[in-house]
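Novice: Sharing a structure with you now.
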Amino acid sequence: MHASPVRQFAHRLCLAAGLALSACFLAGSAGASDDQIRLTPSMVEKFIAARGELTVLAADLAKKYGDRSDTPGDDPVASLPAFQDIAEAKTRIDAILAKYEFKDLDTLDVVTNSVMLAYQADVPDNNGTADNAPNDPEADKAKARAEIEADQSLTSEKKKEALQQLDEQFASLQALTPLPGNAEVVKPFLDKLKPIAEAN
């Protein structure tokens with residue numbers, strides 16, 4: 001009985017988590033990918049343009065210095081921090097970042113995370129329907145909690161476990177929710193962002 005809202009909740013969590021992982025293109029400091037900023041259309045345009053140039057640069061650096069990605073087939077931009085110890089590579093990376101007004105790879109990482117979390121709010125799920133239907137995570141959680149508590153087939157121990165899992169999933173979903181307004185900012189750029197989101 002309780003499986004439906006919990007499963008629905010978990011589905012939204014998995015979709016968001018998958019895109020958030022693909023958002024972590026740059027292996028900067030661990031904390032950087034946890035941050036978000038409020039986006040502007042100009043910032044999203046600069047992100048897309050910088051991303052294009054950095055992808056080309058990453059391929060060139062891999063040819064010149066060898067592939068430094070963690071896993072073959074990874075998004076090539078994710079390997080850029082591994083080239084920071086090569087002066088010529090660092091100069092070329094920094095030049096592109098400066099051109100698009102990004103202070104460093106960590107700054108770009110925060111923008112990447114913000115853009116990709118906002119993008120995931122509008123992408124279609126596996127059934128081809130958008131995940132942007134009005135939803136209220138608090139109401140979803142309350143409904144799932146009520147169904148778990150009302151399920152007579154669960155022992156008190158199983159109920160406690162299910163409620164704990166629900167709380168953990170809810171906390172994870174909150175961490176993967178875009179800042180207010182960011183989804184609206186990226187909406188006009190969804191087609192351009194799709195290949196970036198699918199790069200992994």
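The values are calculated or read from the model by the stated rules, or taken from the named source; none is laboratory data. Keep in mind it's a predicted model, so treat the numbers as computed, not measured. Glycine gets a Cβ as well: all are built from the backbone with ideal geometry, and neighbour counts include every protein chain shown. Please note that ligands, DNA and RNA were not included when accessible areas were found on the heavy atoms of the full protein model with its side chains. Shrake-Rupley method; radii C 1.70, N 1.55, O 1.52, S 1.80 Å.
Novice: Got a number for the accessible area of Val185? Probe 1.4 Å, square angstrom, nearest 10.
Specialist: Accessible area, nearest 10 Å²: 30 Å².
Novice: Still on this model: If you stretched the chain out fully between Gln152 and Glu168, how much longer would it get, using 0.36 nm times the residue separation minus the C-alpha to C-alpha distance?
Specialist: Fully extending the segment from Gln152 to Glu168 adds 3.5 nm.
Novice: With the other protein chains left in place, how much accessible area per residue, in square angstrom, belongs to region 142-200 at a 1.4 angstrom probe?
Specialist: It amounts to 63 Å² per residue over region 142-200.
Novice: Please list Tyr119, Tyr65 in order of solvent-accessible area, largest first, computed with a 1.4 Å probe with all protein chains present.
Specialist: Tyr65, Tyr119
Novice: Still on this structure: Which order do you get for Lys103, Lys159 if you rank them by accessible area with a 1.4 Å probe, largest at the top?
Specialist: If we order Lys103, Lys159 from most to least accessible, we get Lys103, Lys159.
Novice: Same structure again: What spacing in nm lies between the two simple spin-label points modelled at Lys160 and Glu138, each 7 Å away from Cα in the Cβ direction?
Specialist: With each label point 7 Å from Cα toward Cβ, the separation is 2.8 nm.
Novice: Tell me which residues come under 5 Å, amide H to amide H, from Gln84 once H is placed; ignore anything under 5 positions away on its chain.
Specialist: none
Novice: Given a cut-off of 28 Å, name the pairs among Lys160/Lys187; Lys103/Lys194; Lys103/Lys187; Lys99/Lys194 whose C-alpha atoms lie farther apart than that in the structure shown.
Specialist: Too far apart for the 28 Å limit: Lys160/Lys187.
Novice: For the full complex of protein chains and a 1.4 angstrom probe, list Lys158, Lys63 by accessible area with the highest value first.
Specialist: Lys63, Lys158
Novice: So how much slack lies between Glu88 and Leu190, counting 0.36 nm per residue of separation and subtracting their Cα-Cα distance, in nm?
Specialist: Value of the extension gain: 33.3 nm.
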